[in-house]
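Peer 1: Mind having a look at this structure? Questions to follow.
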Amino acid sequence: MRVSGIKSKLLLAFVTILFIMTGLNVGLAIYLTNQQSEREAFTSLTRQTILLQNDLQKATLDLRAIAQKTAGGTDNLSDLATIYAQTQQIITNSRQPAEYERVLVFNKVISLNRLQVVLRSAGFSSIAVYVDNELSHYVTTAEAGMSVFRAGHKALIKTGQNQAGELEFDNWPNWAEGDLPSSITSQVTPVNRPTISFYFTPEQRMVLQIVIPIQAVTQTVMRNNITLGNPAGLLVNQLSIATSETLNQSAPGQNKPVIIGAFVFQKVFDQAFLEEVASKTGLLPALYSPDGLRQIQIVDLKINPADLGQWARENQAVIDQRILAVDRESYYQTLSLWQFEEKPQLIIGFAQSAASTSQKVRETVTGLVGVAGLVLVVGGVVGYLLFDRLVNPIRALTAAVSRIGLSVQQESPDRPVTPVASDKLVEIDLRADDEVQQLTAAFNAMIRQLRQSFETLEERVAHRTAELEAVNKDLEAFSYSVSHDLRAPLRAVSGFAAILARRHRANLNDEGQHYLDNIVQAGEQMGRLIDDLLTYSRLGRSSVHRGPVALREIFTLLAEEFAGRVKEIGGRLEIADDLPVVMGDKTLLTQIFTNLLDNALTYRRADVPAQVTVTHQTEDKMVIVRVSDNGIGIAPEYQEKIFNIFQRLHSQEEYPGTGIGLATVKRSVEMLGGRLWVESKVGQGSAFFVKLPKE
Ligand code: ADP
């Protein structure tokens, strides 16, 4: 395919580049994604692990802050103090438990309503209050209640005192006594400062537990009026959240603070939590206890607990990357140990199936190919439109240039410049805002200048031509009339000279005879010249009548006419006998070929016998007659000039002649609607070609 035109070239280049780029992109994408899918998988697994670690860290810190704030509230602590005091009282009377069944009196309960608010707003799943490390009250999202406090004792609430001085009690209002929610235990491990820990429940749950121990300075007192004859009671003072430092401090003269109870806040992480993480990350999360024994996970990745525990002990801070094979499926997995305040709390695991990774790769590549295709199409369309904008001005310019007639083909230096017609010198009307506009402006300036000089030039040429034509006409008219006028006196001179020669030559002496011969000869030559000139001039003045003429007839006559001369010079004249009929004028044609045959015999070489041949060939509706000789030939630089009038190459002595013959022949041929030309080589011969219309 040959691509021509700037537009197609640009378009082709653009599309090619687009194709190459798309191909490269896709190839590169396939190569890179394949190469790096494993690494990519591990990178995203690691990133998610770190994100989850950070989330847990933040959630835990937030929850602890809320827990401490809630436990540190004055209301709650004073409630706890009351409970504690009552508890101590019962313990001191443990010898008669049945009697004291009704003595479990609480003035006030810890404000469970308030705890419920904290539970809901802070995201705890349960809050429990422990006294002497035994469960006292709890709130979960589902229920609120109290434990079976001191087995066998009924929990009552004091409602008042009757007139007999007896206290009145009622059951705990609406509070359940019964099975504990599984995340709440009846005992809490004693701690001496706020502590965070995780534990796993059998129902595939993980519980974050924040234990906030409460300390107080206690003092045993005798109280007379509270219970059934039991004087012992406990005063509880200076309640606060216990820390290891505050526990050992005491003001002078006071008891050391002791831990009287604890608030335990819990948040449960279950399958739903993991599923949420999975849907956010597209990965499979799992949480293991640092010993590897307990876990919650979405897909069972079957890791040996002993291995897991060992790994946790050995690589405390490092993220482990491994490839697991589970049921013929392979998974990329990362494991990392999450520590909170120096203590290993959890192993976070994230996994991704290798199949889903390569699926992703496939999707990415397909997407890329799709996008690349789209880009190709959109780019092609945009490019096409842009090219139109880019190329149209250039095209318009080119069209304008070729309209003017300047060659837009390849110029060769020896090729003649095609003349520009001045009426085509029209300025180009083109709007663009780039270099094309500048080019157009420059071009138009050039056109204007050209037109201007053309107009002047044309004027001058027209003027000069008219002048020349006038002179020519005058000249021709002059030469015609002179020739005409000369003919009569010349005839008289020649005629009388001829008579004189015929009748009185013998009477003249040698010198007189010589002069007389010269007069006769000069007269004849002058007569020929005048005849030739008159013929030539007449040709320019009249038109010819054309009809069918048989060349064969003309040449039969000419052969006869020239036979004597041919014989005299020892030459040969060969005329083809199949010469056709042409359209023309018999007299003119006879004159034409007489001239050519005459020249052919005249300009012969001395060293070889003259050989003149007449042949023909046909071409379309024309006949080309060829008159060739083996004469002296014509040098290339004269081959055009010999057709001009009076153009001769030789002296009269060498070859006598007038120099009008070929000019007359040319004019005659052209008047017959033909053409005359010569081919020749010096020293070898010439061939004159006469092209004439066929009959
Ligand atoms: P002339 O009367 O001199 O022959 P022409 O016009 O017939 O005038 O020819 C012009 C010139 O062309 C001649 O002088 C001659 O030099 C040359 N010429 C014409 N025919 C031939 C030919 N057949 N071979 C060589 N030269 C020729």
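Peer 1: How much accessible surface does residue 294 have with a 1.4 Å probe, in Å² rounded to 10?
Peer 2: For residue 294, solvent-accessible area is about 100 Å².
Peer 1: Could you tell me what % of all Cα pairs in region 427-538 have separations over 20 Å?
Peer 2: Counting pairs separated by more than 20 Å, the tail of P(r) holds 68 percent.
Peer 1: Now for a separate question. Got the relative contact order for region 459-603 handy, in percent, Cα pairs under 8 Å and 6 or more residues apart?
Peer 2: 23
Peer 1: If you add up the charges near residue 463, with Lys and Arg at +1 and Asp and Glu at -1, over every other residue whose beta carbon is less than 13 angstrom from its beta carbon, what do you get?
Peer 2: So the environment of residue 463 carries a net charge of -3.
Peer 1: Mind grabbing the accessible area of residue 586 for me, 1.4 Å probe, Å², rounded to tens?
Peer 2: Its accessible surface works out to 100 Å², give or take rounding.
Peer 1: Rank these by accessible area, largest first, 1.4 Å probe: 526, 622.
Peer 2: Ranking 526, 622 by accessible area, largest first, yields 526, 622.
Peer 1: How would region 463-597 be classified by its alpha-carbon gyration tensor: rounded, prolate or oblate, with rounded meaning a/c under 1.5 and the a/b versus b/c comparison settling the rest?
Peer 2: Note, shape of region 463-597 comes out oblate.
Peer 1: With every protein chain kept in the model, how would you rank 137, 514 by accessible area, 1.4 Å probe, largest at the top?
Peer 2: 514, 137
Peer 1: Let me ask another. Computed from the mean reciprocal separation of all distinct C-alpha pairs, what Kirkwood hydrodynamic radius does region 246-350 have, in Å?
Peer 2: 16.4
Peer 1: Summarise the accessible area of region 427-538 (1.4 Å probe, protein heavy atoms) by the percent that is carbon and sulfur.
Peer 2: Here carbon and sulfur together make up 56 percent of the probe-accessible area.
Peer 1: Sticking with this structure for a sec: Ordering 688, 454 by accessible area with a probe of 1.4 Å, largest first, what comes out?
Peer 2: From most accessible down to least: 454, 688.
Peer 1: Another question, if that's okay. So, taking all protein chains as they sit and a 1.4 Å probe, how much accessible area belongs to residue 484, in Å² rounded to tens?
Peer 2: Estimated to the nearest 10 Å², residue 484 gives 90 Å².
Peer 1: How charged is the neighbourhood of residue 608? Take every other residue with its Cβ under 12 Å from the Cβ of residue 608, and add Lys/Arg as +1 and Asp/Glu as -1.
Peer 2: +1
Peer 1: For a bin width of 10 Å, list the pair-distance distribution of region 544-693 built from all Cα-Cα distances, rounded to whole %.
Peer 2: 11, 43, 37, 9, 0
Peer 1: May I ask which of 473/621; 473/641; 69/302; 280/343; 567/666 have a Cα-Cα span longer than 32 Å here?
Peer 2: 473/621; 69/302
The values are calculated or read from the model by the stated rules, or taken from the named source; none is laboratory data. Just so you know, these numbers come straight off a predicted model, no measurement behind them. Methodologically, a virtual Cβ is constructed for each residue, glycine included, from the backbone with ideal geometry; neighbour enumeration extends over all protein chains shown. Accessible surface is based on the protein model in full, side chains and every heavy atom, while ligands, DNA and RNA are left aside. Shrake-Rupley method; radii C 1.70, N 1.55, O 1.52, S 1.80 Å.
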